[in-house]
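Here is the structure we will look at, set down as C-alpha cells.
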Amino acid sequence: MGKIHVLDDKLANMIAAGEVVERPSSVVKELVENAIDAGSARIEVHMEEGGLQSIRVIDNGHGIAATDCLIAFERHATSKIQKERDLFRIHTLGFRGEALPSIAAVSRMELKSRESGQHSGTQVIMEAGKLLQQKTMGMPTGTEVIVRDLFFNTPARLKYMKTIQTEVGHVSDLLNRLAISHPDISFIFTHNGKTILKTAGDGKLLHVIASIYGTNTARLMVPIEEETIDFTIRGFVGKPEITRANRSYVTTIVNGRFIRNYALNQAVIRGYHTLLPVHRFPIAVLHLEMDPVLIDVNVHPSKLEIRFSKEQELLTIVEQTVRQSLQEKRLIPEITKPERKNPVSSFSSAAVIKPVQQRIDLDRPTQREIETFQRWIEPEKKMIDDKGEEGIPVHQVKEDASPQNYEIVEGQSQTVEKFPAPEERLPSLEPLAQLHGTYIIAQYEDGFYMIDQHAAQERINYEYFYKKLSEQQIESQELLVPITIELTASEAEILRQHRDMFVQVGVELEEFGTHTFRIRAYPQWIPSGEEEAVLREMIEMVINQQQINIGKLREETAINMSCKASIKANQHLTRQEMEALIDQLRQTENPFTCPHGRPITVHFSSYEIQKMFKRVM
C-alpha cells in the first residue's frame, strides 16, 4: 500500500497558518490589505493585549456578498485573479486566498460584512476553522473582522511570542507603512483603548509623514518627482540634518505595495552622496508606479519582496532623482526651538500648513519643486472642519501654496514670513569673529551663521582632489627614494590584479621581490608631508575592499587627503583668511556638508533671535 496521501482541509489550513500567521501583525496585515483591496476610505484597527486577546478590523469598503462569506474561508478562494496570466498583472495587495482560512484555523474568528447596495449583512462565526454560526444581520456597508484568542489551539506558538510592547511595535510599524502607501485612506489604530495612529486620509502624503514622524520632521522633507517611459517616482526625502541610525526609515512603495529592497534603499542613500554622516541614514518615502508586467510580486510568502525586470535602470533613476532634488535645496540647518514631544504616530496637536509671515528663510525652491509641492498639497479655499471626525486635525492650505510661502507648523498660534532670497545656495557672508579658534561667526541680512572652519576646508579640498583624481592626464613626480611596501602573498596577488587602477590615479607601482612593491611616482598635488601615509592608505583600501572600483578609490582617496590638508580646530584665522575660506566654500558644488556628511554651517535666523529676546511673541 502506498505511503502518499492527500492532507485533509483542516490539517492543510493549520500548515498554511504557520506560513501566513506568524504573529498578531501578520493577522493585521492580511485583514487590512483585504480592506484596502475592498476600496475602503477608512480602516480601524483595535487591539487588546498585543493582539493575542483580540484584533478587530473595521472598514467601509464594498463588503462581501452573502453568498461569498462562507466561500471566503475556503483555501485559495479569491476574487483577485481568475487566470494564469493575471499573476503577471497583479494590482491588488492580496491574491492567494489563504488569509481568512489560515487565520480562522488558529483563532476564534467572527466575520460581519454587508455588500454595497444590499439591505442587510451576513455574520459568520468560526472556531479553529470550523463553522459555528451563520446568520443575517443589520450593519453598515463594509466589513468587520474580530479575531479572538489567537493561537489558542496551538499553545506551542504562544511560546514564541515576544512582549506585548514588541507585538504592538510590529503592528504600529506595519500600519505606518500602509498609511504611507495609501495617504487617501484614513487609518486609526488603538491598543487597549489608547490611540497610537490616526491619519486624515486626505490624500496628502506630507500629512501622513507628519502624523508618523512629527511636524518638524515633515517640515524638513524635500519633495522629489521624476517620470520616464517605464517609471514614475514621487515622494519625499529628508534633509541631511534629520537622520536615523538604521536603514529602516527608507520606505519604498511600488504600485501601492510596501516592499523591502536593499538595492533600492542603497540607491536612495547613494543619492545623498557625501551629505550623510558616517553610519547615519535618511528618512525617505518613495512611491514608485510602473506597469505590473515589469514586476513579479509572487516571489515571497509575505509579498514583501518583488522582482524587477528593469532593476538597474530603476536604481539609476532613483539615485539621480534624489541627488538632483537635494542639489536644488539650501541645506543649512536652522537653529529653532525644539519640537514639543508627542506620542509617536499620534495627532495630539494639529499639523497645519500655515502661511509664513515673519521668518527670514533663504530656502528659495526651484520651479520644479514648486510644481511637485503643489501636486502633493493642492490649495484649498476652505478650512476643513473636523469637529465631527473624532479629533482628526485640521489641514489647511491657502492659495499660492508653494514651499517658499508655506511650511508645516505645530498648532495654529504663529505665522512666519519668508523674505525673498538671493540665488546663491550659500549667501555672501560677512565674517565677524572666530569662536574658540574653531568656528567662524558671520552675518547676513537674515541673521547670523556659524561655520565649522575645518569642515569647510575639508569640503573645498575634497572637491579639488576629486577633480584632480578624475583628470585624464595626471601629472606625477618621481620619488628620489621609492617607498617600499611589504605584503603577504594573498595581499600581493590582490594588488597585482588592481595595478591598472593605480595607474589611472597617477601612482606608479612596480614589483620588487616576491611579495614586495615599490612606489616610484605619485601625483604632485598630494599634501606635502603626507605622501607616504596617503599612498599606504590607498593600497590598504584596495586590499581590504576587493570589490572596490576606480570611482570608489578616487572618492575615498580624496576624502582622506581632504582631511589631512585641512586647517584644524584651534587654529586662529585673520579676517582676510576667513573671507577667503567663505568665498572658496561658496564656489563648491555642495557647500553644506564635509565629505564625511557633517554640517558645515548652521543658521540662527533673525526671527529666532528676536524670539529669544522677547522682541516678538
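Could you list, in sequence order, all residues of segment 602-617 that are out of contact with any helix residue (DSSP H, G or I) (no Cβ under 8 Å at 6 or more places or on another chain) and in contact (Cβ under 8 Å) with a residue 24 or more places away in the chain?
Once the filter is applied, which keeps residues that are out of contact with any helix residue (DSSP H, G or I) (no Cβ under 8 Å at 6 or more places or on another chain) and in contact (Cβ under 8 Å) with a residue 24 or more places away in the chain, segment 602-617 yields V602, H603, F604, S605, S606, Y607, E608, I609, K611.
So L288 passes all but one of these: (1) open to solvent by less than 20 Å² (accessible area, probe 1.4 Å); (2) modelled with pLDDT of 85 or more; (3) not in a strand (DSSP E or B). Which condition number does it fail?
Of everything listed in (1) open to solvent by less than 20 Å² (accessible area, probe 1.4 Å); (2) modelled with pLDDT of 85 or more; (3) not in a strand (DSSP E or B), L288 misses just condition (3).
Listed here are the residues, each with its yes/no results for (1) open to solvent by 10 Å² or more (accessible area, probe 1.4 Å); (2) modelled with pLDDT under 90; (3) touching a strand residue (DSSP E or B) at 6+ places or on another chain (Cβ under 8 Å); (4) among the basic types (K, R).
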position: E226; (1), (2), (3), (4): yes, no, yes, no
position: I233; (1), (2), (3), (4): no, no, yes, no
position: G238; (1), (2), (3), (4): no, no, yes, no
position: N261; (1), (2), (3), (4): yes, yes, yes, no
position: Q266; (1), (2), (3), (4): yes, no, no, no
position: H279; (1), (2), (3), (4): yes, yes, no, no
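Scan segment 430-463 for residues that are over 22 Å from T274 (Cα atoms), open to solvent by 30 Å² or more (accessible area, probe 1.4 Å) and touching a Leu at 6+ places or on another chain (Cβ under 9 Å) and report the count.
Number of matching residues: 5.
Could you please tell me which pairs satisfy a Cβ distance under 8 Å, a separation of 6+ or placement on different chains, a first residue in segment 324-338 that is of a type in the set (D, E, K, R), and a second residue that is part of a helix (DSSP H, G or I) and at pLDDT 85 or above?
Hits for this filter: E334/E608; K337/E608; K337/K611.
Filtering segment 464-474 down to residues that are among the hydrophobic types (A, V, I, L, M, F, W, C) and out of contact with any Lys or Arg (no Cβ under 6 Å at 6 or more places or on another chain), which residue is most open to solvent (accessible area, probe 1.4 Å)?
For segment 464-474, the residue satisfying everything is I474.
Which of the residues spanning segment 554-569 are open to solvent by 10 Å² or more (accessible area, probe 1.4 Å) and either assigned to a helix (DSSP H, G or I) or touching a Pro at 6+ places or on another chain (Cβ under 8 Å) (or both)?
R554, E555, E556, I559, N560, C563, K564, A565
Residues checked against (1) modelled with pLDDT under 90; (2) more than 30 Å from R496 (Cα to Cα):
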| site | (1), (2) |
| --- | --- |
| I548 | yes, no |
| E555 | yes, no |
| K564 | yes, no |
| I567 | yes, yes |
| H572 | yes, yes |
| R575 | no, yes |
| M578 | no, yes |
| L581 | no, yes |
| R598 | no, yes |
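Modelled with pLDDT of 50 or more, open to solvent by 70 Å² or more (accessible area, probe 1.4 Å), in contact with a Lys or Arg (Cβ under 8 Å, 6 or more places away or on another chain) and in a loop (DSSP other than H, G, I, E, B), is that true of K329?
no
Every residue in segment 590-607 that is open to solvent by 10 Å² or more (accessible area, probe 1.4 Å), farther than 15 Å from I559 by Cβ and not hydroxyl-bearing (S, T, Y), please.
Hits for segment 590-607 are P599, V602, F604.
Could you check segment 133-222 for helices (runs of 4 or more DSSP H) lying wholly inside it with 3 or more residues that are touching a residue at least 40 places away in the same chain (Cβ under 8 Å) and either open to solvent by less than 60 Å² (accessible area, probe 1.4 Å) or closer than 18 Å to H46 by Cα (or both)?
The qualifying helices (runs of 4 or more DSSP H) are 164-181, 205-213, 215-219.
Answer with yes or no whether M501 is open to solvent by less than 70 Å² (accessible area, probe 1.4 Å) and either of a type in the set (F, W, Y) or part of a helix (DSSP H, G or I) (or both).
Against the criterion (open to solvent by less than 70 Å² (accessible area, probe 1.4 Å) and either of a type in the set (F, W, Y) or part of a helix (DSSP H, G or I) (or both)), M501 qualifies.
Among V322, V268, V318, V293, which is more than 27 Å from E555 (Cβ to Cβ) and not in a loop (DSSP other than H, G, I, E, B)?
Checking each option against the conditions leaves just V293.
Given the condition open to solvent by less than 30 Å² (accessible area, probe 1.4 Å), assigned to a strand (DSSP E or B) and either aliphatic (A, V, I, L, M) or modelled with pLDDT under 65 (or both), answer yes or no: does some residue in segment 19-42 qualify?
no
So for segment 475-495 (the condition being of a type in the set (S, T, N, Q), surrounded by 14 or more Cβ atoms within 10 Å (Cβ to Cβ) and not in a strand (DSSP E or B)), does at least one residue qualify?
no
Against the definition (in a helix (DSSP H, G or I), surrounded by fewer than 19 Cβ atoms within 10 Å (Cβ to Cβ) and of a type in the set (A, V, I, L, M)), how does I539 come out, yes or no?
No.
I'd like to check something: does segment 84-100 contain any residue that is among the hydrophobic types (A, V, I, L, M, F, W, C), at pLDDT 90 or above, open to solvent by 50 Å² or more (accessible area, probe 1.4 Å) and over 20 Å from M47 (Cβ atoms)?
no
The values are calculated or read from the model by the stated rules, or taken from the named source; none is laboratory data. Owing to the predicted nature of the structure, the values given are computational and were not obtained by experimental measurement. Cβ: placed from backbone, ideal geometry, glycine included. Neighbour counts: every protein chain shown. Please note that ligands, DNA and RNA were not included when accessible areas were found on the heavy atoms of the full protein model with its side chains. Shrake-Rupley method; radii C 1.70, N 1.55, O 1.52, S 1.80 Å.
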